[in-house]
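Asks: Okay, handing you the structure first.
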Amino acid sequence: MHQSILITGANGQLGTVLTESLQLKYGVENVIASDLREKASYTGIFEYLDVTDSDRLEEVILKYNVKEIYHLAAILSANGERNPLNTWEINMRALLNVLEASRKNNVEKVFHPSSIAVFGESAPPINTPNNSLLDPLTSYGLSKAAGENWGKYYFYKYGLDVRSLRYPGLIGYQSRPGGGTTDYAVEIYHKAVAGESFTCFLDRETTLPMMYIDDAVRATLELMEAPRENIKVRTSYNIAGISFSPAQVAASIKEKYPDFEIEYAPDHRQEIADQWPKSIQDLEAMRDWSWKPQFNLPKITEVMIDNLEREHEHFI
Ligand code: NAD
Ligand code: AKB
């Protein structure tokens with residue numbers, strides 16, 4: 001029988017880009033995008049699916065004979081702090097539903113992202129190692145840290161091939177971010193291209209790990225293609241791209257738009273950013289499946305501005 005790949009949370013910042021990459025790689029007819037929001041820009045098969053509804057999840061898995069799941073649906077860090085218990089409830093319920101439905105219905109492989117948000121004050125903030133102690137202080141970070149261990153549990157207890165990456169803040173022109181602490185690094189480019197100034201919700205020197213979204217998608221596909229025996233980390237792999245502060249990204253934008261102006265008005269998200277690493281060490285990902293990022297800050301700025309300018313011209 002025909003086999004499929006299911007993506008949950010496919011209409012978010014990452015999902016819209018990952019869905020198209022999976023369609024390109026495996027064929028549009030083999031990829032089932034799902035979300036509880038309306039269908040995004042991609043074409044192909046779409047199912048309305050709230051992943052906290054386990055019956056509906058199983059219905060979709062059986063309908064399409066799903067053998068691989070990319071479980072992206074989640075509430076992110078900044079939005080998550082508005083209602084911490086609800087964030088925990090949704091993120092954990094959704095993940096446990098995916099793991100349990102996969103086990104029961106012979107799904108072979110599950111990908112679920114973790115985040116740099118799993119780290120807290122005990123982790124070394126520079127070049128944070130993969131096996132650092134996880135003591136996050138956001139509900140989002142707590143749900144990701146617990147989720148990593150649940151993934152490992154399903155691998156060792158049931159043999160379900162669960163794989164995970166700790167993404168840094170993702171930057172892309174293709175989609176807008178959905179309520180995280182790193183969102184400023186996308187919004188700043190939109191403002192610059194629109195000829196507007198930008199008020200940053202993080203302070204000028206707040207350095208965070210970041211990654212261009214194409215690198216993140218490639219990492220995901222490479223991790224999922226790696227032979228099962230190569231995957232030695234069954235919690236989640238650190239992956240590093242670049243690290244920069246708002247002042248550095250603004251300086252990079254000013255090379256193209258000398259009149260671009262930024263001001264700083266740190267809000268509640270500053271406290272979250274201050275708990276996270278400034279840079280990430282990713283030796284295990286390099287060792288196990290040859291991870292290597294391709295985009296540095298000048299390259300990201302060039303791609304972001306070129307593509308957003310094209311979109312901007314199209315709309316005016
Ligand atoms: P996003 O907020 O842009 O998208 C999440 C999507 O999930 C949304 O379309 C939303 O409608 C959907 N969703 C929420 N609850 C749902 C539910 N109960 N059932 C079905 N769909 C639901 O997030 P994103 O940036 O695309 O992130 C995708 C994944 O990657 C998340 O797990 C996130 O934690 C992880 N991640 C993202 C980043 C980043 O910088 N974007 C960094 C680290 C980790
Ligand atoms: C967020 O800021 O919440 C996300 C993340 C790094 O997990 N972008």
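Asks: Would you work out the Kirkwood radius for segment 4-167? I mean one over the mean of 1/r across all pairs of different Cα atoms, in Å.
Replies: Value: 16.1 Å, from the Cα pair sum.
Asks: Follow-up. Might you report the magnitude of the Cβ-based charge dipole of the chain about its Cα centre, with Lys and Arg at +1 and Asp and Glu at -1, to the nearest 20 debye?
Replies: Computed about the Cα centre, the dipole is about 980 debye.
Asks: Have a look at TYR264, GLN294, ILE69 and report the one farthest towards the positive end of the charge dipole of the chain, computed about the Cα centre with Cβ charges (Lys/Arg +1, Asp/Glu -1).
Replies: Final value for the positive-end residue is ILE69.
Asks: Further question on the same structure: Using the crude model of +1 on Lys and Arg Cβ and -1 on Asp and Glu Cβ, and no other charge, please compute the dipole size for segment 4-167 relative to its Cα centre, in debye to 20.
Replies: For this selection, approximately 320 debye.
Asks: Out of all DSSP beta bridges in the chain, what portion is antiparallel? Express it as a percent rounded to 5.
Replies: So the antiparallel bridges amount to about 10 percent of the total.
Asks: Could I have the simple spin-label model distance between VAL28 and ALA247, label points 7 Å from Cα toward Cβ, reported in nm to one decimal?
Replies: In this crude label model, VAL28 to ALA247 measures out at 4.9 nm.
Asks: Hey, another quick one. Find, among the trypsin sites (Lys or Arg not before Pro) in segment 142-212, those assigned to loop by DSSP (not H, G, I, E, B) with at most 16 other beta-carbon atoms within 10 angstrom.
Replies: Passing sites in segment 142-212 are ARG204.
Asks: If you take every residue apart from ALA247 with its C-beta less than 11 Å away from the C-beta of ALA247, what net charge results, scoring Lys and Arg +1 and Asp and Glu -1?
Replies: That works out to 0.
Asks: Give me the angle, in degrees from 0 to 90, between the Cα long axis of helix 139-158 and the longest principal axis of the Cα atoms of the chain, rounded to the nearest 10.
Replies: Tilt relative to the chain: about 30 degrees.
Asks: Would you mind checking the tilt of helix 184-193 against the longest principal axis of the Cα atoms of the chain, expressed as 0 to 90 degrees and rounded to 10?
Replies: For 184-193 against the chain, the angle is about 50 degrees.
Asks: Between the helical axis of 54-64 and the dominant principal axis of the chain, each derived from Cα atoms, what acute angle in degrees is found, rounded to the nearest 10?
Replies: Between helix and principal axis, roughly 80 degrees.
Asks: Can you compute the radius of gyration and Dmax for segment 4-97, using only the Cα atoms, both in Å?
Replies: 13.1, 39
Asks: Let me ask another. For segment 4-167, please report how many Lys pairs fall under 13 Å Cα to Cα, leaving out neighbours fewer than 8 apart on the same chain.
Replies: 4
Asks: Then there is this: Let me check against my output: what whole-number percent is the relative contact order of segment 4-167, with C-alpha pairs under 8 Å and at least 6 apart?
Replies: 20 percent
Asks: Given Cα pairs under 8 Å that are at least 6 residues apart, what percent is the relative contact order of the chain?
Replies: Once normalised by length, the contact order is 18 percent.
Asks: Using a Debye calculation, one point per C-alpha and no hydration shell, please list log10 I(q)/I(0) for the chain at q = 0.16 Å⁻¹ in order.
Replies: -1.41
Asks: Another question, then. Over the residues of segment 162-316, compute the C-alpha Rg and express it relative to 2.2 N^0.38 Å.
Replies: That works out to 1.10 for segment 162-316.
Bear in mind these aren't lab numbers, they're just calculated from the coordinates by the rules spelled out. Since the structure is predicted, the reported quantities are computational estimates derived from the model, not experimental observations. A quick note on method: Cβ atoms are made from the backbone with ideal geometry, for glycine too, and the neighbour counts reach across all protein chains shown.
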